Each structure stands twice: as structure tokens, then as C-alpha cells.
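Q: Handing you a structure now.
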Amino acid sequence: MLNSLQSLTSKLTRHPGNLKLGQAINENRCGVSYEDLDKLSVIHVAGTKGKGSTCVFCEQLLLYKGYRIGLFTSPHLISVKERFRINGKEISDDKFVFYFWSVYNTLLSKRSDGEELPAYFMFLTVMAYKMFINEKVDVAIIETGIGGEYDSTNILRKTSVVGISSLGFDHTTVLGNTLQEIAWQKSGIMKPNSVTIVANNQPKETHQILIERSIEKQTTLLEAPPFNKYNWYENTSELGVLSTPQEINASLAIQLANAWINRNNKHDWLKECKIGLNGMKQAPIWEINKQDKQALRDVKWLGRNQVLNITPNLSFFLDGAHTIESIQLCSKWYQNVCPKSQLNIKNILIFNVTALRDYSTFLKILLSENKIDVVMLCPIVTLINNHRPDTVDMNFNYEEQLVKCYNMKNSIDICDVEVFNSIQETIEHVKSCSFSEKNINFQVLVTGSLKLVGGVLEVLQS
């Protein structure tokens, strides 16, 4: 039933989709009022890359300080319940069912004749807000879906703290073809009297837009410091190896968490912030204690820079990169984490993309920067004729996906390429090869799509 609300990619436009949801709230047709939302304390995060990781880092930092946290992120990898967390834990089946039917029945009973129910993500957004209000969280950390200005999550009238993670190109048909247009959209979640903190690696083209939007939206704009600028308790070695992008995300999360904790005395610490070379004020260097380090170390975010050692000679390297910039970072991450000294290594790339993303550029980056022995392509379908509703993508049917796989195969001429019928069939083939060739170490990079990574995780877990 929930999947029937999915929006087709071809129908996504730049038109303000949050107006429909705002109207439903205004007319009290979804069980959540503006007055309810005004009482909900929110940290709202937009961005192109790293916004989900930033949200999870922020969640953990606040959990370790004893706050009750609600977290809403997207997309999910295996189960739609992953999008909703309370106190660091995915919600139960019972809680999901309760809030689903609560929202669904309210919308159904109050809709006009012929009126459509809210689309998939819009519906889940209402569920999240209703859940976090009813569950009385201290703060809800909300990740936008696409963009910001017209995103379904941006129905809030009040937000004390806003975060904008690394900006880049994605969803250009909806958000615009330039970094300036994308920055304008993402900065749409800024609110009057809020503190807005942006990641410290923003493209130069976006700086002026971010500054202008902060003035327009009447928010205080700050730039997060580099990760190594903090006065770390002892040193950072206990954190393990964080990639450069994750250091950027962690720094932004530290800022968001501390800005929220200190929101009631913000004028005291904001007056200490000085303007930097790019025209933005520099955020404070908050003190980091042992507890904060523990919180950052304990963050687990599936499908992002994740390594799974299945057997002594079979390891999977999972990263849901799906933009040019994130594919470049994924490629560097794979080079850094893969064992260099081992002999008899076979590098396998399991790859696909969703929607109309530029697979040729992605493949060029991955194949030119890494020694890939074989590329394995398959439709983003976990099992043939056994679709779990959580993993169905209504934008492309199976036959179209299979044709795309063969088109990709025909575009690759520098290594072997194989096409399989499903994710399960692909994984079973890899496992069979590693079992029959125990003298070879199989390193399997899975990237190009979070849905693909989710399918691989589901097969490996089963």
C-alpha cells in the first residue's frame, strides 16, 4: 500500500511540492498541525553528499549526552523502518504499523473527492513528524529528501539549528544545472532566528549564494572548521580511520550538536565568531571530550564506506555513492582500504545506477583509477519473482533495467564484464568462485546506487 504512493522520476519537477503538504496541515487533514510542529525542536540538514552521515554523527553525539533523539533519514537500504530511529534504534514493526495507519486513516477520512493521497516521501515525512511529536523526543534530526526549499520536510516554520553538508551535482532536473542553483535550493531550509552551519569544503561558486540566502532568510551563517582544528581529547587515533569526507561530516555534526545544546545562549558564543576568508563567519572550536570521541567512534552507517569480511578470501566493500563527486571519493576510499601487499587478488566491481544517472562517467572513474578484473552488472532486483515491497522501484521495470545492463556491458572494453539476472544470482556467483578458488583473495566493490548496496546487504545477511 505504501509503495502505491511512489513518485515517478519522470514526474519530479522544480515545482513546490511542500505546498500540498502545507495545505493539508493548514486544513488539519493529516493529524499534525503547525502548532504541533512549532513545539518540536528540530535540527534540519540538507546537502548533496554526507547529509545522512552528518545526521547520524549528530544523533550519536547527543545520545551520549543523555538526550532523547528522533532521527529521520532517507533512503532506506533494506527496510523502510530504517528511516525512523528513536534513541539510536530503528523503530519496531508495531510502532511503524501504528503510525502508518494513524496517518493513513486520518488522510483518507479527510480528503476531498478525487484528491490523491500525499506521495511516498511526503507521507513518510508526516509519519516522522507525528511520531517524534507523540514520542516526546528532545530533538528531531531531520534529513531532507531532495533539495530543501521545496522539500517535503521543509514545512517547518521554526528551526533552531540548520546544517548544510557538502554541495555538488545531483538531481539536476529538479534542483538546477549549476552549483549556484543547487545551493539556492538546499539553503531553502534556513529559518529566521536560526543558526545555519555549512560544511567547510563548499565549492567557491556557492559561497555568495549561501551568504545572500542567509541574509534573506534572517539566519546566522557559520562555516564548520576542519576536523583537525578541534582541541581533541588526547588524540584522534581512537576514532579509527575516518575518510576525509567523513571528517567533514563529523565536524559539521559536532557543530550542529553543540549549537543545539547551546541554543539558548547563542548570542554569547556567536559574538566570538569571526569572518573568514570566504566571507562567512567561522564556527566555534568546541571542546571535545572523551565521551564525544566514544560517540563518534560508535557510529555505524550501513552501506557507506562499509567493509564486510565474509570468509578469509572474500571481502565486500560497500559504498552507495551515486554522484560524480561521491564516486570519485569512493574510488579513493577503495584504493586506500584494500590490502596492497597480498598476492593472487581478484578485484570485482558490482555496479548499477538508478534513474537516469550518468553510468558511463561513473564507470570511467572507477575503471581508470582501480585495477578491476571483472565488472558484474545486474538489475537492482534482489530476487527474481520475489519482490519485497520495501525494495521495489516503480520507476523502471525489470526488462528496462536488464537492457540498461547490456548497454553498460557494451560500453566497457578494458576488462571482462558479466551480466546477471538479479543481485542474489550475482552474489551467489561470487561466493561460488571464492569457494572454488581458495588461493585467490576476492575483493568486491559494490557501488553506484544505495538500492544496489541495500540489495547486496540483504542477500549477505540472509
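The values are calculated or read from the model by the stated rules, or taken from the named source; none is laboratory data. Note that the structure is predicted; figures quoted are calculated from it, not measured. Methodologically, a virtual Cβ is constructed for each residue, glycine included, from the backbone with ideal geometry; neighbour enumeration extends over all protein chains shown. Accessible surface areas use protein heavy atoms only, side chains included; no ligands, DNA or RNA. Shrake-Rupley method; radii C 1.70, N 1.55, O 1.52, S 1.80 Å.
Q: Find the centroid of the Cα atoms in region 74-97 and in region 293-309, then give the distance between the two in whole Å.
A: The two parts, judged by their Cα centres, are 18 Å apart.
Q: Rounded to whole Hz and in sequence order, give me ³J(HN,Hα) for region 267-280 from the Karplus expression 6.51 cos²θ - 1.76 cosθ + 1.60, θ = phi - 60°, writing x for Gly and Pro.
A: 5, 5, 8, 5, 5, 8, 7, 9, 6, x, 5, 8, x, 9
Q: Taking a threshold of 20 Å on the Cα-Cα distance, which of the pairs 136/290; 49/204; 371/409; 217/281 fall above it? Can you show the working numbers first?
A: Working: 136/290 28 Å; 49/204 16 Å; 371/409 17 Å; 217/281 16 Å.
Pairs exceeding 20 Å: 136/290.
Q: Now for a separate question. Taking all protein chains as present, what is the carbon and sulfur share of the accessible area of the chain, in % to the nearest whole number, probe 1.4 Å? Walk me through the intermediate numbers first.
A: Details: 10290 of 20440 Å².
Result for the chain: 50 percent of the exposed heavy-atom area is carbon or sulfur.
Q: Under the rule of at least 5 residues apart or a separate chain, name every residue whose amide H is placed under 5 Å from the amide H of residue 163.
A: Under 5 Å from the amide H of residue 163 lie the amide H atoms of 44, 45, 46, 197, each far enough along the sequence or on another chain.
Q: Stretched out fully, how many nm does the piece from residue 105 to residue 287 gain, at 0.36 nm a residue minus the Cα gap?
A: 60.8 nm
Q: Antiparallel as a % of all DSSP beta bridges within region 306-461, to the nearest 5? Please list the in-between numbers first.
A: Working: 5 of 25 bridges.
Around 20 percent antiparallel, to the nearest 5.
Q: Give me the 1.4 Å probe accessible area per residue for the chain, excluding ligands and nucleic acids, in Å². If you can, show how the numbers build up before the last one.
A: Details: 20440 Å² over 462 residues.
For the chain, the per-residue accessible area is 44 Å².
Q: Also: Where in the chain lies the longest segment free of GluC sites (Glu not before Pro) that are both loop residues by DSSP (not H, G, I, E, B) and have at most 14 other Cβ atoms within 10 Å? Don't skip to the end; give the middle numbers.
A: On the way: sites that count: 27, 115, 116, 234, 272, 287, 437.
Free of exposed loop sites, the longest segment is 288-436.
Q: Further question: Calculated from DSSP H runs of 4 or more alone, at -39500 (n - 2.57) each and per residue, what is the 222 nm mean residue ellipticity of the chain, nearest 500? Before the final figure, lay out the partial values.
A: Values: 16 runs with 183 residues, N = 462.
Helices in the chain give a 222 nm mean residue ellipticity of -12000 deg cm²/dmol.
Q: Under 5 Å between amide hydrogens, which residues at least 5 positions from residue 314 or on another chain qualify, with H placed 1.01 Å from N in the peptide plane?
A: 442
Q: Given a Förster radius of 22 Å and the C-beta distance between residue 344 and residue 368 as r, what FRET efficiency does 1/(1 + (r/R0)^6) yield to the nearest 0.05? Spell out each step's value before the answer.
A: Working: r = 23 Å, r/R0 = 1.07.
With R0 = 22 Å, the Cβ-Cβ based efficiency is 0.40.
Q: Then there is this: Work out the FRET efficiency for residue 462 and residue 271 from their Cβ-Cβ distance, taking R0 = 45 Å, and round it to the nearest 0.05.
A: Values: r = 56 Å, r/R0 = 1.23.
About 0.20, to the nearest 0.05.
Q: Step through the residues of region 28-33 one at a time and calculate ³J(HN,Hα) from phi using the Karplus curve (6.51 cos²θ - 1.76 cosθ + 1.60, θ = phi - 60°), rounding each to whole Hz and writing x for Gly and Pro.
A: Working through the residues one at a time gives 6, 9, 10, x, 10, 10 Hz.
Q: While we're on this one: Compute the length gained on full extension between residue 438 and residue 421: take 0.36 nm times their separation in residues and subtract their Cα-Cα distance, giving the result in nm to one decimal.
A: On the way: separation 17, 0.36 × 17 = 6.12 nm, distance 2.55 nm.
Full-extension gain reported as 3.6 nm.
Q: Moving to a separate point now. On full extension of the chain, what length is gained from residue 328 through residue 414, given 0.36 nm per residue of separation minus the C-alpha to C-alpha distance?
A: Result for the pair: 29.1 nm of gain on full extension.
Q: Give the aspartates and glutamates whose C-alpha is closer than 12 Å to that of residue 293, dropping any in the same chain fewer than 8 places away, or say none.
A: 234, 238
Q: Continuing with this model, one more query. How about region 280-345: which trypsin sites (Lys or Arg not before Pro) there are in a DSSP loop, with at most 15 other Cβ atoms within 10 Å of their Cβ?
A: Values: sites: 281, 290, 293, 297, 300, 304, 332, 340; in loops: 300, 304, 340.
Taking region 280-345 and a limit of 15 other Cβ atoms within 10 Å, the loop trypsin sites (Lys or Arg not before Pro) found are 300, 340.
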